[in-house]
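Below is one structure, written out as structure tokens, with a few remarks after it.
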Amino acid sequence: MNEKGIAAAALSIRSLTMDAVQKANSGHPGLPMGCAELAATLYGEVLKHNPADSKWVDRDRFVLSAGHGSMLLYSILHLCGYKVSIDDIKQFRQVGSKCPGHPEYGQTDGVENTSGPLGQGVAMAVGMAVAETMLAARFNTAKHTIVDHYTYSLVGEGCLMEGVSSEASSLAGHLKLGKLIVFYDENRISIDGSTKIAFTDDIAKRYEAYGWQVLQGSMYNPAEIVSLVNTAKDCKDKPTLIMLKSIIGKGAPNEGTADVHGAPLGIEGVAAAKKNLGLPADKNFYVLPEAYEYYEGKKNSWEKAEKAWKIEFEAWSKENPALRIQWDAFYEGKPTGQTGLPVYKTGDKVATRSASGEMLNVMASRYKNLVGGSADLMGPNKTKVTDDDGIYTSENRKGRTIEFGIREFAMSAISAGIALHGGLRPFCATFLIFSDYLRPSLRIAALMKINTIYILTHDSIFVGEDGPTHQPVETLAALRAIPNVQVLRPGDAEETEAAWEMAMESKDHPVCMAFSRQNLVVYEKADPDWKNTIRTGAYIVKEGTAKPDITILATGSEVNLALEAVKQLGNKQIRVVSVIDRTLFSKQDAVIRDRIIGGAKRIVTAEAGISMGWEAFASSAADMFCINGFGESGPASKVAEFLGFTAERLVEILKK
């Protein structure tokens, strides 16, 4: 081990950090200055990686869960030779910079995930570790190992206080993810001061209770860090937490205090830190030559490691041509077959959650890399993949159905990690109302432009007896409010098939599909090309006339309700349109929207949720047939009557 090289790299990380934060007049110097030796050691002596090819599929992953310490990551990526220059670092926290305030996936070479909201990063790391085991089980053979890497993460006190880390760590221990190694920056400082004010957990005992191996050491002993990692690797049936005692802002005049956590050191503070550390006072963004030399000396071994893997991969490919075809399909997101769709007849009564369950298995047959599960709601969500691979467990890594337990937030973040890893397409599921529990992770998935699929059942007041705690009314509006999230609410079993096809076609955004608990009638479609038209977000179900007096824009179960109201009214001048994706429909040009709406003088909207957002379509507030209050406990039909959300009430509105 080149301890002088590591020391030079650690000193350079501190140098770059304090200058970048000072120049930006914004940022968090505490963690990068406190954890510099870990980063220098990890990237020089531990990680299997190649900066010349940051997307090498069998690389080790490093997730900075404590994303506020982003300068730690940018500094070490620069030193190692990733596409992060000194000029990029000088633009830290500026608009358009490769070095934004918190790491952003897709924006900076070598950054594995977007992190910032604390705790989500380590949960995504769990997902990456899950993905590694799944792919290893499918593709490694007796002669060739082509999937064999570790997932590392760095967490701070804040990550461990947030509940999502507890959820994810609990599941990781249960699943015995032995190739997951997490470093804990144990400086015992948070923004408001010592963690004694609010966080006195015995972290070691907590993680041992989760089923983890717990090791302890110093942040400032590189040889010990390497030894601890080797001990972690020797444990095959437990993830490992390595607790490293540290000093936040090490080297700064205010080291070890909350003041150094999230504010520039100041001109005088930087000068004092440079003097303390032996850095030249007259040089900004200074990197010791020995640091560059250290990582330059590693390039040959990094390249050799990837080259050796490529040779192994080619040998495996020649001996296993069928597996290679499947590998390519996994990583390109292409189907390996075309299993036929279920066939429904007009008049069939099918809950869209049931139709979704059938479509999930159609897609799982077509796409062998489709994996996922629900938050302890496999039966109600209809999310069991019924192939021979079974449930994913520590004994069965080939399983495609994941039992997430009642951990919605971690479920979503773990699914994001699976997507980020590559090779697998994740889905996750819960009741629509409980998307509130996973919303922060959904937002990060949208930011990262990953295509996680969310199956959200029990989509309205028609849940019935479970009452207002389980009856989503504002939830669809909340999901639609997140940029880059596609929200689909199909009206019958046939539209559910279309929704699933649209979801699987998505490349750069997460998709939420909302499904009914209650049976819905499969209706006749007036548009003969509806399967294509629906991709505009809406299509004509009942035409009425070429120029209708009224057009009803309905979603989900309310398409059935609208058709019933029109039938009761007996008015042939009313058009019914199914709006499977309101946001997508609103983005269409006027010609497409007008053709579907039909130039109606009056537009009525119908959805079993709040009216927010429908103002853009409805002729007036009185023409929004919605629910702007909470539900009630009782049988579904009685709840609807109590709330005045019936076909009869819609008839009254249409008559006005």
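The values are calculated or read from the model by the stated rules, or taken from the named source; none is laboratory data. Keep in mind the model is a prediction, meaning the values are calculated, not measured. Reconstructed Cβ throughout: ideal geometry from the backbone, glycine too, with neighbour counts over all protein chains shown. Note: accessible area is taken over every heavy atom of the protein model, side chains too, but ligands, DNA and RNA are not part of it. Shrake-Rupley method; radii C 1.70, N 1.55, O 1.52, S 1.80 Å.
May I ask you to verify whether Ile450 is part of a helix (DSSP H, G or I) and either in contact (Cβ under 8 Å) with a residue 24 or more places away in the chain or open to solvent by 10 Å² or more (accessible area, probe 1.4 Å) (or both)? Here the answer is no, as Ile450 does not meet what is asked. Exactly one residue out of Ile610, Ile592, Ile603 is part of a helix (DSSP H, G or I) and among the β-branched types (Val, Ile, Thr), and it is Ile592. Among the candidates Val577, Val566, Val559, the residue that is crowded, with 21+ Cβ neighbours inside 10 Å, among the hydrophobic types (A, V, I, L, M, F, W, C), at pLDDT 95 or above and in a strand (DSSP E or B) is uniquely Val577. When we screen Lys250, Lys238, Lys196, Lys176 for residues that are over 28 Å from Met411 (Cβ atoms) and in a loop (DSSP other than H, G, I, E, B), the only hit is Lys250. Within the stretch 321-335, being surrounded by 13 or more Cβ atoms within 10 Å (Cβ to Cβ) and in contact with a Lys or Arg (Cβ under 9 Å, 6 or more places away or on another chain) holds for Leu323, Arg324, Gln326, Trp327, Ala329, Phe330, Gly333, Pro335. Looking at Lys507, Lys542, Lys547, Lys525, just one residue is touching a residue at least 40 places away in the same chain (Cβ under 8 Å), closer than 20 Å to Ile603 by Cα, open to solvent by 10 Å² or more (accessible area, probe 1.4 Å) and among the basic types (Lys, Arg), and that residue is Lys547.
Can we say Asp109 is surrounded by fewer than 21 Cβ atoms within 10 Å (Cβ to Cβ), of a type outside the set (Val, Ile, Thr), assigned to a helix (DSSP H, G or I) and modelled with pLDDT of 95 or more? So Asp109 does not fit the description; no. The set of residues from the stretch 1-58 being open to solvent by 20 Å² or more (accessible area, probe 1.4 Å), assigned to a helix (DSSP H, G or I) and over 20 Å from Val226 (Cβ atoms) comprises Gln22, Lys23, Ala24. Figure legend. Inter-residue proximity from the stretch 633-650: first residues touching a residue at least 60 places away in the same chain (Cβ under 8 Å), second residues assigned to a helix (DSSP H, G or I) and open to solvent by 70 Å² or more (accessible area, probe 1.4 Å), beta-carbon distance below 8 Å, spacing 6+ or different chains. Indicated pairs: Gly634/Phe642; Ala647/Glu564; Ala647/Gln568; Glu648/Gln568.
Do the conditions hold for Val463, that is, is it within 24 Å of Ile597 (Cβ to Cβ), of a type in the set (A, V, I, L, M) and surrounded by 22 or more Cβ atoms within 10 Å (Cβ to Cβ)? In short, no.
Looking across the stretch 533-556, not a single residue is in a helix (DSSP H, G or I), of a type in the set (Lys, Arg) and out of contact with any helix residue (DSSP H, G or I) (no Cβ under 7 Å at 6 or more places or on another chain). Restricting attention to the stretch 586-626, the residues that are buried (at least 22 other Cβ atoms within 10 Å of the Cβ), hydrophobic (A, V, I, L, M, F, W, C) and within 29 Å of the chain's Cα centre (by Cα) add up to 2. Note on the stretch 510-528: among residues that are more than 30 Å from Pro483 (Cβ to Cβ) and not in a strand (DSSP E or B), the one that is nearest to the chain's Cα centre (by Cα) is Gln518.
Closer than 22 Å to Ala477 by Cα, surrounded by fewer than 17 Cβ atoms within 10 Å (Cβ to Cβ) and among the hydrophobic types (A, V, I, L, M, F, W, C): does that describe Ala640? Explain how you work it out, then say what you get.
Working: closer than 22 Å to Ala477 by Cα: yes; surrounded by fewer than 17 Cβ atoms within 10 Å (Cβ to Cβ): no; among the hydrophobic types (A, V, I, L, M, F, W, C): yes.
Answer is no for this residue.
There is no residue in the stretch 228-243 that is β-branched (Val, Ile, Thr), in contact (Cβ under 8 Å) with a residue 24 or more places away in the chain and open to solvent by 20 Å² or more (accessible area, probe 1.4 Å).
So that you can scan it fast, the table gives a plain yes or no per residue for (1) in a helix (DSSP H, G or I); (2) under 26 Å from Thr336 (Cβ atoms):
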{"position": "Gly379", "(1), (2)": "yes, no"}
{"position": "Lys398", "(1), (2)": "no, yes"}
{"position": "Ile402", "(1), (2)": "no, yes"}
{"position": "Ile433", "(1), (2)": "yes, no"}
{"position": "Arg439", "(1), (2)": "yes, no"}
{"position": "Leu442", "(1), (2)": "yes, no"}
{"position": "Ala445", "(1), (2)": "yes, yes"}
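Of everything in the stretch 128-155 that is open to solvent by less than 10 Å² (accessible area, probe 1.4 Å) and not in a helix (DSSP H, G or I), the residue that is farthest from Leu64 (Cα to Cα) is Ile146. Let me spell it out: the conditions are (1) over 24 Å from Leu360 (Cα atoms); (2) within 9 Å of the chain's Cα centre (by Cα); (3) open to solvent by 30 Å² or more (accessible area, probe 1.4 Å), and Pro468 meets all of them except one. Which number is the exception? It is condition (2) that Pro468 fails.
Against the numbered list (1) open to solvent by less than 10 Å² (accessible area, probe 1.4 Å); (2) in contact (Cβ under 8 Å) with a residue 40 or more places away in the chain, Lys382 comes up short only at (1).
Here the condition is being within 24 Å of Phe585 (Cα to Cα) and among the acidic types (Asp, Glu); of Glu652, Glu648, Glu615, it holds for Glu615 alone. Being surrounded by fewer than 21 Cβ atoms within 10 Å (Cβ to Cβ) and either of a type outside the set (Val, Ile, Thr) or at pLDDT below 95 (or both) is not true of Ser70. The residue pairs whose first member lies in the stretch 582-609 and is at positive phi, whose second member is open to solvent by less than 20 Å² (accessible area, probe 1.4 Å) and among the hydroxyl-bearing types (Ser, Thr, Tyr), and whose beta carbons are closer than 8 Å, counting only pairs six or more residues apart or on different chains, are Gly598/Thr551. The set of residues in the stretch 112-122 that are in a helix (DSSP H, G or I) and either β-branched (Val, Ile, Thr) or in contact with a Gly (Cβ under 7 Å, 6 or more places away or on another chain) (or both) comprises Gly121, Val122.
Each row is one residue, and each column tells you yes or no for (1) crowded, with 23+ Cβ neighbours inside 10 Å; (2) among the hydroxyl-bearing types (Ser, Thr, Tyr); (3) farther than 26 Å from Cys159 by Cα.
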position	(1), (2), (3)
Asn369	yes, no, yes
Gly390	no, no, yes
Arg397	no, no, yes
Glu408	yes, no, no
Ile414	yes, no, no
Phe431	yes, no, yes
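Rundown of residues vs (1) assigned to a loop (DSSP other than H, G, I, E, B); (2) under 22 Å from Leu79 (Cβ atoms), yes/no style:
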| position | (1), (2) |
| --- | --- |
| Gly256 | yes, no |
| Asp259 | no, no |
| Ala273 | no, yes |
| Asn276 | no, yes |
| Lys283 | yes, yes |
| Ala291 | no, yes |
| Tyr294 | no, yes |
| Asn300 | no, yes |
